Amino acid sequence: MAAMLSIEELTHHFDGLCAVADFSLTVEPGELVGLIGPNGAGKTTIFNLITGVFRISQGRIFFEGQDITRWPSYRITAAGIARTFQNIRLFKDLSVLDNVRLGGFARHGYNIWQALLHSRGFRREEQAWLRQAYELLERFNLTRYADTVARHLPYGEQRRVEMARALISGPRLLLLDEPAAGMNDAESQALIQLIRDMQRDFGLTIILIEHQMRVVMDLCQRVKVLDFGMTIASGPPREVQHDPAVLEAYLGKDGALAE
Amino acid sequence: MAAVMPQRRYLTWGSITLLLALSWVLPESGLLNPYVVQILMYVGINMILTLALNLVNGYMGEFSVGHAGFMAVGAYMSSILTVWVIPPALSFWAFPAVLVAGGLAAAATGLVVAFPSFRTRGDYLAIVTLAFNMIVKSVLENLEILGGPRGFLGMPRLTSLPWVTAWVLLTLYLCRNLVYSNFGRGLMAIREDEVAANLTSVDTRKIKMYAFLISAFFTGVAGGLFAHLLQFINPRSFSILKSTDMLVMVYLGGIGSLTGSLLGATIFTLLLELLRPLGLWRWVVGPLLLVLLMIFRPRGIMGLKESKWFIPRFGAGSRRS
Ligand SMILES: Nc1ncnc2c1ncn2[C@@H]1O[C@H](COP(=O)(O)OP(=O)(O)O)[C@@H](O)[C@H]1O
Ligand SMILES: [Mg+2]
């Protein structure tokens, strides 16, 4: 069976600092894989490498059988990999609706001439995507914020706008970077349910970076643990949790595993 | 809302017709004296320049400081056509095509400028456009066949208030359509966060190119209108100072706003006219105003805001009914 995503021996340096070392990962369709590790372990860098933010110098990445190693970001996203960001990156001066619609940029089926003339085809397409955007807003409980400028939204709502923006691009693989950051217990409980529902309803494969252990425990079938760019453990979360190397990595720092 | 829509359409078409009719009747009947008509034409030409530059500097958030170069290309191209190529008897009818040719020449030049600037991320555009503006000026100064520094003349006075009005309306319409489309939202996304725009599947390089070429096109058209109003152009009319004036109009009226563009062009043109007695000091007004605006009101009067009138009913960011 063809893997959805396969990352082969990825290595990345920042001026001498080795942020990711020899990282490999294969994700099958429908999986929910966790990527954990202390701060600065290289998790976000891996997302940035998958999505073409950083140039890959060593290693290769295949998505649905295609070599996407050198693709520019917009093409990777259009091909079906969407993501959210650890530090929310909305288009702050645009409305929530426009933020969400932008996620569907590559799926708008009209060219520049049709846009300049607001042709019939243009209108049909715009209306279809408007409807789609409102459906997602509805789903994420954001309908009443449609016209609100993104920067005026509360933090939690901003996170949900990011998810709606990612989903409208029609991804098959979704990368979530610490979606529960800054959430209390009840909120992260709701988030867990939301991620489950999304995965089911949109038929998603998900890679989840998460700091809160219990989110990972509840959601992921297997996890990879990183420390200083190196993969120190991988397997089902319950096994990994007791791995001595993992315990040391975490306990030596912020004790996030010591619940 | 369904009942509102046709009504609004009548109003829009009604005012367009009225505007065009007035722009013809008022000068023709002598109700407006030629001086006022002249000023109105300057206002219109400046509106086109400001709308065009706002696409790049306002909506897209890049910084072009050399748009006078595109104006020069449009002005010289269209003038060459009417003076050397097109028989005088036909020039009146050929005028729209001549302006389009000027615009296309400017857009083609834009391609040369945009290509290296948008290849990499960063603020290359300001430097490249600055250099471009200076190169265009010095090339024109050294082209004896085009009159060199003395300038080029002999164009018929084809620019009239109805033509200017029609081109303002057309520019406004096309810019509005662009802004309220997938491409327009993509441009604004580039302004907000280029990396994130790429990550939301926006082909930033392609749409930057589109916006820049459309902008250069209309700037070239405005150059043609300008040349056939003055009937005389020289390289100095298209110096950095002219580019500065355009920047002032954009940042005065408001970045990322059609309404602001119209407003900025109007206020600035009238202001300059009032300050004409200052003579050479007039040239200080633009740069000074630009610096003050950048410090105290960087987004301008209408920054990122829009009159409801310009927002299309469907899917423009407003609620469905
Ligand atoms: N753009 C960058 N430039 C330089 N160093 C970076 C950059 N991004 C991340 N790093 C460094 O790479 C390491 C891994 O960072 P990151 O992937 O953000 O970790 P994580 O997401 O696991 O907390 C850190 O030491 C960080 O300081
Ligand atoms: Mg991180």
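The values are calculated or read from the model by the stated rules, or taken from the named source; none is laboratory data. Keep in mind it's a predicted model, so treat the numbers as computed, not measured. No Cβ is skipped: glycine too gets one built from the backbone with ideal geometry, and neighbour counts run over all protein chains shown. The accessibility values were calculated without ligands, DNA or RNA, using every heavy atom of the protein model including side chains. Shrake-Rupley method; radii C 1.70, N 1.55, O 1.52, S 1.80 Å.
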*Please work out which residue is farthest from B:V65 (Cα to Cα), limiting yourself to the stretch B:279-312 and to residues that are open to solvent by 40 Å² or more (accessible area, probe 1.4 Å) and aromatic (F, W, Y).*
B:W309
*What helices (runs of 4 or more DSSP H) completely inside the stretch A:1-111 contain at least 3 residues that are touching a residue at least 24 places away in the same chain (Cβ under 8 Å) and more than 13 Å from ligand 1 (Cβ to nearest atom)?*
A:73-79, A:96-103
*Would you mind telling me which numbered condition in (1) modelled with pLDDT under 95; (2) open to solvent by 40 Å² or more (accessible area, probe 1.4 Å); (3) within 10 Å of chain B (Cβ to nearest Cβ) A:R120 fails?*
(3)
*Report whether or not A:L176 is touching a residue at least 12 places away in the same chain (Cβ under 8 Å) and either away from ligand 1 (no atom under 16 Å from the Cβ) or not assigned by TED's automatic domain parsing to the domain that holds A:Q221 (or both).*
no
*Output for the stretch A:158-188, where each listed residue is open to solvent by less than 10 Å² (accessible area, probe 1.4 Å), at pLDDT 95 or above and of a type in the set (G, A, S)*: A:A164, A:A166
*asked:* Please determine whether any residue of the stretch A:178-188 is under 23 Å from A:D98 (Cα atoms) and outside any helix (DSSP H, G or I).
replied: yes
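Yes/no matrix, rows are residues, columns are (1) open to solvent by less than 50 Å² (accessible area, probe 1.4 Å); (2) in the same structural domain as A:L176 (by TED's automatic domain parsing):
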| residue | (1), (2) |
| --- | --- |
| A:G42 | yes, yes |
| A:T45 | yes, yes |
| A:L49 | yes, yes |
| A:I56 | yes, yes |
| A:G65 | no, yes |
| A:Q86 | no, no |
| A:L90 | yes, no |
*Could you tell me which residue of the stretch A:53-78 is farthest from the other protein chains (Cβ to nearest Cβ), considering only residues that are more than 14 Å from A:F23 (Cβ to Cβ) and among the aliphatic types (A, V, I, L, M)?*
A:I68
*Select the helices (runs of 4 or more DSSP H) contained entirely in the stretch B:107-217, then report the ones holding at least 3 residues which are within 14 Å of chain A (Cβ to nearest Cβ).*
B:161-179, B:182-192, B:194-199
*Looking only at the stretch A:206-228, decide whether some residue is at positive phi and within 15 Å of ligand 1 (Cβ to nearest atom).*
yes
*asked:* I need a count of the residues in the stretch B:19-52 that are within 25 Å of B:G224 (Cα to Cα), of a type outside the set (D, E, K, R) and open to solvent by 60 Å² or more (accessible area, probe 1.4 Å).
replied: 9
*Taking A:G104 as the residue in question, decide whether it is more than 15 Å from the chain's Cα centre (by Cα) and at positive phi.*
no
